[in-house]
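What follows is one structure encoded as structure tokens, with my remarks underneath.
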Amino acid sequence: MSSSSSVHEDDQRLTAARDLEPLQAASKRRMLIIVNPYATTVSDRLRNLVVYALQGRFEVDAVDTEAQGHATELCREAAHEGYDVVVAFGGDGTVNEAANGLMGDPARGVGPSPTPLTCLPGGSANVFGKMLGIPSELVDATEHLLAMADDWRTHKVDLGVVNGRCFTFASGLGVDASVVERVDSNPRLKARLGAYYFTWAAISTFARRYLVHPPRMVTHAGEQRMEGVTTIVQNGSPFTYFQNRPIEVAEGAALDSGALAASVLHRARPLDMPSIAWRAFSRRARIARHRHVSSLPELTELTVRSADGRSLPLQVDGDYIGEVSEARYSILPRALNVVA
């Protein structure tokens, strides 16, 4: 099918979805859509079509983010504006900012909001949305949200926390954070090549920064102490996706388990990495069972510190945050309301 035919079909489906049994204004729930216009698959045409379709079942306001952190501020404001649901339309970074906004601002004495969060796929992976059962294709996801108007069920999920910042599904220090930093530095290639650009970035980053004398870290979890070059902490499963294939790292993570799960990679030598990569894509083998990987299930807190004085790269929900000397992790059980 040509791209023009596909675009026309999307237009028809979204228009038809809007006109299917529209609700009266008085019975519509109020929806705030927070749009990241710079996300991988978000265009003005799709934005307008999605908003038009959702107006058939919801009273919709849509706001574009203008800078990093803007989605967080918008969600904090939405909590006081009486919205029934917030929709993060972008990638996992937009979802992360929205979740943090709905958690309030303790420094200002603002508590968490009961307003539920949902999302529309606009990024390259859309991990949290897939975990919630939201389709990865935008038109399907929009139809899914329209159907929610007749089957409105909210539930609570856990949030992980690292150094005061919440995350919805995963955080990491070491190789994966360095890869995210590399990918985020070139958004055009990220949008154009998607998962394949991540693969290239992983290989080149490993060769440049972790092949010889990589930064080392010590992970403390209760009585356990482990040294390594990468630590992955998950609040849900899987860790990420390669296109639609789930990539599992830490075992035992779930959005409603009340606990975190972690994996520590003890070394990253050229002979080790091919077998780890094979396990990542295998349907049977597990990364956590590799001889140079240790698994830490059912954690409520852990701390990761630099072991050699060098700062450690940190990523949260697939966004590079910066370098830290220490990362303190904890969990907020049943902290976030979601609807999907």
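The values are calculated or read from the model by the stated rules, or taken from the named source; none is laboratory data. What you see is a predicted model, and the numbers here were worked out from it, not measured in a lab. Note that each Cβ is placed from the backbone with ideal geometry, even for glycine, and that neighbours are counted across all protein chains shown. Quick note on the areas: whole protein, heavy atoms, side chains included, nothing else; ligands and nucleic acids left out. Shrake-Rupley method; radii C 1.70, N 1.55, O 1.52, S 1.80 Å.
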Filter the range 255-293 for residues that are touching a residue at least 60 places away in the same chain (Cβ under 8 Å), assigned to a loop (DSSP other than H, G, I, E, B) and either in contact with a Lys or Arg (Cβ under 6 Å, 6 or more places away or on another chain) or within 18 Å of ALA221 (Cβ to Cβ) (or both) and give the result.
SER257, GLY258, ALA259
Looking at the range 191-217, which of the residues that are under 13 Å from SER178 (Cβ atoms), in a loop (DSSP other than H, G, I, E, B) and open to solvent by less than 30 Å² (accessible area, probe 1.4 Å) is modelled with the lowest pLDDT?
PRO214
Would you mind telling me which numbered condition in (1) out of contact with any Leu (no Cβ under 8 Å at 6 or more places or on another chain); (2) under 26 Å from THR94 (Cα atoms) ARG310 fails?
(2)
Just to be sure before I move on: is ALA254 within 20 Å of LYS130 (Cα to Cα), touching a Pro at 6+ places or on another chain (Cβ under 9 Å) and among the small types (Gly, Ala, Ser) in the structure I sent?
no
Return the residues of the range 127-148 that are touching a helix residue (DSSP H, G or I) at 6+ places or on another chain (Cβ under 9 Å), farther than 18 Å from ARG45 by Cβ and touching a residue at least 24 places away in the same chain (Cβ under 8 Å); say none if nothing qualifies.
VAL127, PHE128, GLY129, GLY133, ILE134, SER136, LEU145, LEU146
Being in contact with a Leu (Cβ under 8 Å, 6 or more places away or on another chain) and modelled with pLDDT of 80 or more is the filter here; which residues of the range 1-40 pass it?
MET31, LEU32, ILE33, ILE34
Within the range 218-246, of all residues that are polar (S, T, N, Q), open to solvent by less than 30 Å² (accessible area, probe 1.4 Å) and assigned to a strand (DSSP E or B), the one farthest from ALA280 (Cα to Cα) is THR219
Can ARG310 be described as within 21 Å of PRO215 (Cβ to Cβ), in contact (Cβ under 8 Å) with a residue 24 or more places away in the chain and open to solvent by 60 Å² or more (accessible area, probe 1.4 Å)?
yes
In the range 142-163, residues that are open to solvent by 70 Å² or more (accessible area, probe 1.4 Å) and in a loop (DSSP other than H, G, I, E, B) total 4
Restricting attention to the range 317-326, and to residues there that are in a strand (DSSP E or B) and buried (at least 17 other Cβ atoms within 10 Å of the Cβ), which single residue is modelled with the highest pLDDT?
VAL324
So, in the range 85-96, of the ones that are without any contact (Cβ under 8 Å) to a residue 60 or more places away in the chain and in contact with a Ser or Thr (Cβ under 7 Å, 6 or more places away or on another chain), which residue ends up surrounded by the most Cβ atoms within 10 Å (Cβ to Cβ)?
ALA88
In the range 58-92, which residues are farther than 22 Å from THR142 by Cα and either aliphatic (A, V, I, L, M) or assigned to a helix (DSSP H, G or I) (or both)?
ALA67, HIS70, THR72, GLU73, ARG76, GLU77, ALA79
Search the range 247-291 for residues being of a type in the set (S, T, N, Q) and farther than 22 Å from MET226 by Cα, and hand back the single one that is least open to solvent (accessible area, probe 1.4 Å).
SER282
Got a number for residues in the range 304-316 being farther than 12 Å from GLY172 by Cα and either touching a strand residue (DSSP E or B) at 6+ places or on another chain (Cβ under 7 Å) or in a strand (DSSP E or B) (or both)?
4
Quick check on TYR329: is it assigned to a strand (DSSP E or B), surrounded by 15 or more Cβ atoms within 10 Å (Cβ to Cβ), in contact with a Leu (Cβ under 6 Å, 6 or more places away or on another chain) and not hydrophobic (A, V, I, L, M, F, W, C)?
yes
Return the residues of the range 41-84 that are surrounded by fewer than 17 Cβ atoms within 10 Å (Cβ to Cβ) and touching an Asp or Glu at 6+ places or on another chain (Cβ under 7 Å); say none if nothing qualifies.
GLY69
